[in-house]
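The values are calculated or read from the model by the stated rules, or taken from the named source; none is laboratory data. Since we're looking at a predicted model, the values are computed, not measured. Note: ideal-geometry Cβ built from the backbone for every residue, glycine included; neighbour counts use all protein chains shown. Just so you know, the surface numbers come from the protein's heavy atoms only, side chains and all, with ligands and any DNA or RNA stripped out. Shrake-Rupley method; radii C 1.70, N 1.55, O 1.52, S 1.80 Å.
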Amino acid sequence: MKEKLVVIGNGMAPGRMLERLFDTAPDRFDVTIFNAESRVNYDRILLSPVLSGEKSFEEIIIHGDGWYIERGITLYKSHKIVEIDRKKRTVRSEHGEVAQYDKLVIATGSLPIVIPVPGHNLAGVLTYRDLDDVNAMILAAKSRGRAVVIGGGLLGLEAAAGLQLQGMEVTVLHLMPTLMERQLDASAGYLLKKALEDRGIRVITSANTKEITGNGRVEAVHLEDGTVIPADLVVMAVGIRPNAALAKDAGLEVNRGIVANDRMQTSDPDIYALGECVEVGGACYGLVAPLYQMAGIAASHLAGDAEARFAAPQTATRLKVTGIDLYSAGDFSDGDDREEIVLRDAAAGVYKRLVLKENRIIGAVMYGEASDGPWFFDMMKSATDIADMRETLIFGQAYQGGAALNPMAAVAALPDDAEICGCNGVCKGKITSAIVANGLTTLDGVRAHTKASASCGSCTGLVEQLLSLSLGDAYNPAAVQPMCPCTELGHDDVRRLIKAKKLKTIPAVMQELQWKTSCGCAKCRPALNYYLVCDWPDEYADDYQSRFVNERVHANIQKDGTYSVVPRMWGGVTSAKELRAIADVVDKFRIPTVKVTGGQRIDMLGISKEDLPAVWADLGEAGFVSGHAYAKGLRTVKTCVGTDWCRFGTQDSTDLGIRIEKFMWGSWTPAKVKMAVSGCPRNCSEATCKDVGVVCVDSGFDIHFAGAAGLDIKGTELLGHVDTEDAALQHIVALVQMYREQARYLERIYKWAKRIGLDEIRRQIMEDDEKRRAYFARFVFSQSFAQVDPWSERVSGKDKHEFKPMATLSLEAAQ
C-alpha cells in the first residue's frame, strides 16, 4: 500500500523534489499538494521577464495541470493550510479540506519585508514576490505614470527595468551607497548605476525612506533628507523573511526559519522542510541552487536513500535585465591576507575583479563581459591553485597559455561536475549525457530534457558549446537564419521583441530593432505585418501594402494577369440559390472557366482586376463572403455528409465543419490552413492529410493535425480525443491560436509542429486546461476584429485605387 505524502506549497523547490521522487520511487507515495496560490507550479526566476513583457505566464509554467494528472497527484489550488495536527497526522486548509499524511513536506516559501514607514499600507504600495504582484504591477503600469522602487538589490532592479519597459517613469531608492552591495563592489556598482541611468531609470543611493504620502492612495515618497519623489506606484523590494508561522504553530523548532537537519528533516522526523522557509546549518537561502539541492536531498530520503546530506553551497548571481551582463560569486571584501587582479576597459564598459587568497580564487565580480563567470566559479568551488596561470587569469579560460584558444578546448576542459546552469543547478555531465542518451541536436532539446538555459538564458552560449562539442559538425548553431538581409534577427527573436518592447507599427519595429534598411523588403514586411496583426489585433492597423498581391486584391492572380474568385461555401455545402447566383455572375462577366476545387468550393477564373469589385458586389447580394482562397488564413473546412445521409456516419460531420468554419473564418495565420471533418474512420473528406482534421467515431471526436498534401506528403498526427462538439471546437481553436502565436511567417503547421515538438503541443492543448482556455480566449478576442468580409469592404470603396487602371493607353500613344 502506498504511503501518503502531503506537500504544503507548490513552488520551484517542492516541484523539483517531486520530479526527483517520481524518477527514483514512482510508486511509493500517493501525493497531495496544497497550494495557497490559484495556479500551477511556475518558474519564479522568470517573473522579471513576465513583468517586462518578454515572456508570458504560460511560458514560465514548469508543471501544467496535465503533469499532476499523469502522476496521480491531487492538487488543491487556493488552499492555504492553516493547521498541522501532528498527533492526528493531518493538515487542514482554510476551506476545511483535511488530508492525512505519513510524510509531510513544508515548503511555504518566504514573505516580503515591508518597511513600516508611515503610508506603507496605502493603495498603490506593492511588494514583489509572486505572479499576483507582477500582475498588479502590470495593471498599474497601464497608467504610464511614475513608479518608485525601494530597494536596489537583485529583485528591485529587475522590477525597475520591467516597469520601465512597461512605460513607467522609474526611480530606484537604495539605502546603501552601492547597488546590490551584497553581490557587487563599488566599481561594479558604479557601472551598473550608470547603465540604469543611461536607460532612463533614476537611481538614488544612500536614500533613507521617511514616509509614503497620499490621499487614499500613494502620491509621493519622502526621504529623510527632504527629497520628495512623486509616485503613482511604489514597489518594496527590500528583502524576504522565511514563512515559518505554520510550522511554529505546529510546535516544530523554529529560529529564523524552520530548523532542519542536513537531511531536510525538521524536529519531527516525519516532517521535512525545504526552500526559503528553512534554516539549515544556521543559514537561510533565497537563491535557486541551494533550494534545488534541498529538493534533491529530501527526495532521496523520501525514496529511502539515507546517505544524502545537504552541504552549504557557494552561490553565484546574475542580474536578469536584458542588455546588462553582470556576474558575481564568493567573497570580494578587502583584507590584509588577500590579493586582487583587476581589469578595466572604460571604452567597452567592462570591469573584472578576482579576489585571491593563497593563490586560490575566493571571489569574482564581472560587469560588461561575464562569459567566463562559470569557469572562475568552478575554480573557486574546487579551490584550484592558479599560480601557474596568474599572469593571464583575468583574461579568461580561452587565454590560458598567453594566446586565445579554441573556445571548444575551454569548454572541453571543464570537469563533468562543473555547473553550467546556475538557475536550475545543471552540471556539464548531465547535459552531455542527455545529448548522447536522447539524441539531442538542438538547444530547445537540451532545455526540454535538462532545463539548462531554460530560465534566464545567460548560460545559453555554454550549452551551445557543449552541443557543438558533443555533436561536432552535426550541430549547426546558425540553423536559425535572419528573417532577411534587412536584419540579423531571426523570426523568433523578432516575435519576442515585438511583444517585449510593445512595438505596434512597422516603423517602430524597424527603428527599435535596428533594421539595416529604411523600409524593409518583400520578405520582412509581410512577416512583420502578420506578427503585428496577431499580437495587437485591437490596436494595429493592417498595412495592406505589406501584403503579397493576392492578399492586397483578395483574389488569386493567374499567369495572364487575370484573377480567380472563390466564394466561401460553409463546410462545402451550397444551394440552388447560391449556384444560380454564381451562374449569373459567370454569364454577366463572361468568366471563361468555372471549376470545382479539391476543397469543395467553386472557382471562377479569368476575371479582370477592374471587374473584381462588381463581381464581389453581385456575389455579396447572394450572401457570399470571401473564401480567402488567396490568404495566409483559414481557407476551407471540407466535410463529408456524416449522419445526415451516410450509412456509416457516426457524428454530424457536416454541421461540425460548418460550425468550425463560421467560427474561424477571417483569421490570419502564418501560412494557409486547410481543415476537414470526416463522419467516420472511412475518412471520405481526407481529414488525415490536412493541417487540422477531425475524424468522428462513436465515442466522440479524434482531432488530428500537422498533415500535408502538397509539395510534401504527410499523414496527420493524433492530437487527442474529445467527447463533444464544444470540446472539439475549443481544442481546435486553441491549437490554431498556439500556431498563430508561435510559428514563423510562411511556416506550415506540420513544419511548426516538428520544430516545437508534438508532445509539447499535446501537453499545452490536451493536458493544460488553463493554457488551452487562454489560447481560445485570445483567438475569440482577435476574431472580433478579423471577421470582416474584405469583399464587402472593397465594394464599399476601400482601396478603390487598387482596382482602377492608372491610365488607358492607345496603341498610338504606346508607340
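Contact annotation: residue pairs with Cβ atoms under 7 Å, 6 or more positions apart or on different chains, pairing a residue in the stretch 437-456 that is closer than 22 Å to residue 49 by Cβ with a partner that is open to solvent by 30 Å² or more (accessible area, probe 1.4 Å) and in a loop (DSSP other than H, G, I, E, B), are 447/454; 456/320. The number of residues in the stretch 2-55 being among the aromatic types (Phe, Trp, Tyr) and in contact with a Phe, Trp or Tyr (Cβ under 6 Å, 6 or more places away or on another chain) comes to 1. Taken over the stretch 687-723, the criterion of being within 16 Å of residue 651 (Cα to Cα) and open to solvent by 70 Å² or more (accessible area, probe 1.4 Å) is satisfied by 698, 699, 721, 723.
When residues in the stretch 193-223 are screened for being outside any strand (DSSP E or B), within 11 Å of residue 173 (Cβ to Cβ) and open to solvent by less than 30 Å² (accessible area, probe 1.4 Å), 1 of them pass. At least 2 residues being within 30 Å of residue 612 (Cα to Cα) and in contact with a Phe, Trp or Tyr (Cβ under 6 Å, 6 or more places away or on another chain) is the threshold, and among the helices (runs of 4 or more DSSP H) wholly inside the stretch 488-568 those reaching it are 524-535, 549-553.
The residues on offer are 159, 136, and the sole one that is surrounded by fewer than 22 Cβ atoms within 10 Å (Cβ to Cβ) and small (Gly, Ala, Ser) is 136.
A search for C-beta distances below 9 Å between a residue of the stretch 168-183 that is free of Cβ contacts under 8 Å to residues at least 24 places away in the same chain and any residue that is buried (at least 17 other Cβ atoms within 10 Å of the Cβ), counting only pairs 6+ apart in sequence or on different chains, returns 181/152; 181/153; 181/174; 181/189. The residues listed here are 538, 543; of these, the one that is among the acidic types (Asp, Glu) and open to solvent by 40 Å² or more (accessible area, probe 1.4 Å) is 538.
Condition check ((1) closer than 24 Å to residue 333 by Cα; (2) over 30 Å from the mean Cα position of the chain (by Cα); (3) among the charged types (D, E, K, R); (4) modelled with pLDDT under 95) across all residues:
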{"residue": "176", "(1), (2), (3), (4)": "yes, yes, no, yes"}
{"residue": "180", "(1), (2), (3), (4)": "yes, no, no, yes"}
{"residue": "183", "(1), (2), (3), (4)": "yes, no, no, yes"}
{"residue": "186", "(1), (2), (3), (4)": "yes, yes, no, yes"}
{"residue": "190", "(1), (2), (3), (4)": "yes, yes, no, yes"}
{"residue": "199", "(1), (2), (3), (4)": "no, no, yes, yes"}
{"residue": "204", "(1), (2), (3), (4)": "yes, yes, no, no"}
{"residue": "220", "(1), (2), (3), (4)": "no, yes, no, no"}
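One residue stands out among those in the stretch 569-580 that are open to solvent by 20 Å² or more (accessible area, probe 1.4 Å) and part of a helix (DSSP H, G or I): the one that is farthest from residue 655 (Cα to Cα), which is 580. Annotation note: of 730, 764, 737, the sole residue that is among the polar types (S, T, N, Q), touching a helix residue (DSSP H, G or I) at 6+ places or on another chain (Cβ under 7 Å), at pLDDT 95 or above and open to solvent by 10 Å² or more (accessible area, probe 1.4 Å) is 730.
Just to be sure, is residue 105 of a type in the set (A, V, I, L, M), in contact with a strand residue (DSSP E or B) (Cβ under 8 Å, 6 or more places away or on another chain) and farther than 29 Å from residue 288 by Cα? In short, no. Under the condition of being over 22 Å from residue 548 (Cα atoms), open to solvent by 30 Å² or more (accessible area, probe 1.4 Å) and charged (D, E, K, R), the residues counted in the stretch 592-617 number 1. The residues in the stretch 224-258 that are touching a strand residue (DSSP E or B) at 6+ places or on another chain (Cβ under 8 Å), of a type outside the set (Asp, Glu), within 26 Å of residue 163 (Cβ to Cβ) and assigned to a loop (DSSP other than H, G, I, E, B) can be counted, and the count is 6.
When we screen 681, 670 for residues that are in a loop (DSSP other than H, G, I, E, B), of a type outside the set (S, T, N, Q) and surrounded by fewer than 19 Cβ atoms within 10 Å (Cβ to Cβ), the only hit is 681.
Among the residues of the stretch 419-430, not a single one is of a type outside the set (Lys, Arg), within 21 Å of residue 46 (Cα to Cα) and part of a helix (DSSP H, G or I). Annotation: of all residues in the stretch 618-630 being in a helix (DSSP H, G or I) and touching a Phe, Trp or Tyr at 6+ places or on another chain (Cβ under 8 Å), the one that is least open to solvent (accessible area, probe 1.4 Å) is 619.
Only one of the numbered conditions (1) in contact with a helix residue (DSSP H, G or I) (Cβ under 7 Å, 6 or more places away or on another chain); (2) without any contact (Cβ under 8 Å) to a residue 60 or more places away in the chain; (3) of a type in the set (S, T, N, Q) is violated by residue 135, and that is (1). Would the stretch 41-52 turn up any residue that is more than 20 Å from residue 4 (Cα to Cα), open to solvent by 40 Å² or more (accessible area, probe 1.4 Å) and polar (S, T, N, Q)? No: the stretch 41-52 contains no residue that is more than 20 Å from residue 4 (Cα to Cα), open to solvent by 40 Å² or more (accessible area, probe 1.4 Å) and polar (S, T, N, Q). With respect to residue 61, determine if the residue is open to solvent by 20 Å² or more (accessible area, probe 1.4 Å) and touching a residue at least 12 places away in the same chain (Cβ under 8 Å). Yes, satisfied.
Only one of the numbered conditions (1) open to solvent by less than 40 Å² (accessible area, probe 1.4 Å); (2) free of Cβ contacts under 8 Å to residues at least 40 places away in the same chain; (3) over 29 Å from residue 270 (Cα atoms) is violated by residue 152, and that is (2). Condition check: at pLDDT below 75, open to solvent by 40 Å² or more (accessible area, probe 1.4 Å), within 28 Å of the chain's Cα centre (by Cα) and not acidic (Asp, Glu). Does residue 481 satisfy that? When the stated conditions are applied, residue 481 passes them. Counting only strands (runs of 3 or more DSSP E) that sit completely within the stretch 302-383, those holding 2 or more residues that are surrounded by 17 or more Cβ atoms within 10 Å (Cβ to Cβ) correspond to 316-318, 326-330, 350-357, 360-367.
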